[in-house]
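Report on the structure given below.
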């Protein structure tokens, strides 16, 4: 397996860009060994609201959030041409050329429970874990932002970091576009990771072609 792409749920806010991204992913699957891990989208936001309102146990909130990834994955399979959903990693390994597997993680994650049950672990780290299971060469976190910034661009002008070490990211005590648990897993498994804006789908192809593009590469 070459690359796992985690498709963030925030991309649903821009339907035109999302459809363009889906077409790009379908085309990439014809020439590259790739698979998609879905984010949690608005389904995970609902879990967060329930947790805030009812004080869910960490285990319940974690499992509910993982199920939200399954739901978003089913949605993505409905709009990405030549894609299909699967629960078994073997289906990804034996995927037919030209078809794009979308992995629904609930069965694997419920059975193995390999990660901390907390909001520090989101679909970012779950996607990285799946990379380790498939021995893929890299992880692309496809989001609605250009990458990781020195400070939040919402607070004003900020510098996009084109490269950032996982060790440095691990030391940061602030919120970024990736979850808090990700750096440790990247370091532990020496994983190559990119954070890229899915609203500019050509950037994803440029990463595959080893061309310079707008993104953040997290190094180990």
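Some notes on this structure:
- Some residue of region 79-91 being assigned to a helix (DSSP H, G or I), at pLDDT 95 or above, over 23 Å from residue 181 (Cα atoms) and touching a helix residue (DSSP H, G or I) at 6+ places or on another chain (Cβ under 8 Å): yes
- Sub-7 Å Cβ pairs linking a first residue in region 84-101 that is at positive phi and in contact (Cβ under 8 Å) with a residue 24 or more places away in the chain to a second residue that is surrounded by 13 or more Cβ atoms within 10 Å (Cβ to Cβ) and not in a strand (DSSP E or B), at least 6 apart or interchain, are 98/29; 98/82, ordered by first then second residue.
- Flag if residue 30 is in contact (Cβ under 8 Å) with a residue 24 or more places away in the chain, more than 20 Å from residue 118 (Cα to Cα) and assigned to a loop (DSSP other than H, G, I, E, B): yes
- Which listed residue is in contact with a strand residue (DSSP E or B) (Cβ under 8 Å, 6 or more places away or on another chain) and over 24 Å from residue 12 (Cα atoms), from 139, 182, 186: 186
- Criterion (over 30 Å from residue 58 (Cβ atoms) and surrounded by 14 or more Cβ atoms within 10 Å (Cβ to Cβ)) met by exactly one of 211, 199, 180: 199
- Residue within region 54-66 that is surrounded by 21 or more Cβ atoms within 10 Å (Cβ to Cβ), touching a strand residue (DSSP E or B) at 6+ places or on another chain (Cβ under 8 Å), closer than 26 Å to residue 220 by Cβ and in contact (Cβ under 8 Å) with a residue 24 or more places away in the chain present: no
- Residue count for region 148-165 satisfying the condition of being farther than 17 Å from residue 122 by Cα, modelled with pLDDT of 90 or more and either surrounded by 13 or more Cβ atoms within 10 Å (Cβ to Cβ) or under 14 Å from the mean Cα position of the chain (by Cα) (or both): 6.
- Sole residue being surrounded by 13 or more Cβ atoms within 10 Å (Cβ to Cβ) and within 19 Å of the chain's Cα centre (by Cα), chosen from 51, 70, 78, 82: 70
- Scanning region 102-136 for residues that are farther than 23 Å from residue 45 by Cα and touching a residue at least 12 places away in the same chain (Cβ under 8 Å) yields 131, 132, 133, 134, 135, 136.
The values are calculated or read from the model by the stated rules, or taken from the named source; none is laboratory data. Predicted, not measured: the structure shown is a model, and the values here were computed from it. Reconstructed Cβ throughout: ideal geometry from the backbone, glycine too, with neighbour counts over all protein chains shown.
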